[in-house]
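Encoded as structure tokens, the structure appears first; notes follow it.
Values quoted throughout were computed directly from the atomic coordinates according to the rules given, and no laboratory measurement underlies them. Note that the coordinates shown come from a computational prediction; the quantities given were computed from them, not determined experimentally. Don't worry about glycine lacking a Cβ; one is built from the backbone with ideal geometry, like all the others, and counts go over all protein chains shown.
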Amino acid sequence: MSENSHQIFGPLSRNALEIVALRFKALSDPTRLSILQHLLNGEKTVGEIFKLTNMNQANISKHLGVLLDQGLVAKRKDGLFAYYRIEDDSVAKICELVCNSVSNRLDITHSEFKIAKKEKFRNYPNDN
């Protein structure tokens with residue numbers, strides 16, 4: 001296979017695709033992405049995440065539950081506190097891939113708008 005080929009596990013069964021879709025669904029919420037973003041910097045308690053995200057603790061706990069169910073984060077108890085950390089190393093890789101892709105796409109789109117704007121104004125008569 002060439003370097004540019006994309007190797008996928010496929011074809012996956014319907015059941016396997018549903019499992020993959022649940023993982024993507026867990027990553028599709030901005031609140032959960034914000035939580036993951038903070039956890040990429042190290043283990044945090046719900047209270048620490050609450051302060052960093054300015055969201056209520058019940059909401060944070062609900063979203064942490066989804067991330068926990070999908071195996072993206074892990075939890076450890078220490079006395080009264082629960083500490084959360086990234087459990088799946090692919091989280092950082094996925095975030096980097098998607099962020100780079102979005103950034104590249106936005107750069108291209110921004111460039112296209114700049115070119116289109118120049119073309120539009122070039123065709124306007126000068127009021128001088």
In debye to the nearest 20, the charge dipole size for the range 11-88, taken about the Cα centre with +1 at each Lys and Arg Cβ and -1 at each Asp and Glu Cβ, equals 80
Too long for a 21 Å Cα-Cα cut-off, among Lys25/Lys62; Lys51/Lys77; Lys25/Lys77, are Lys25/Lys77
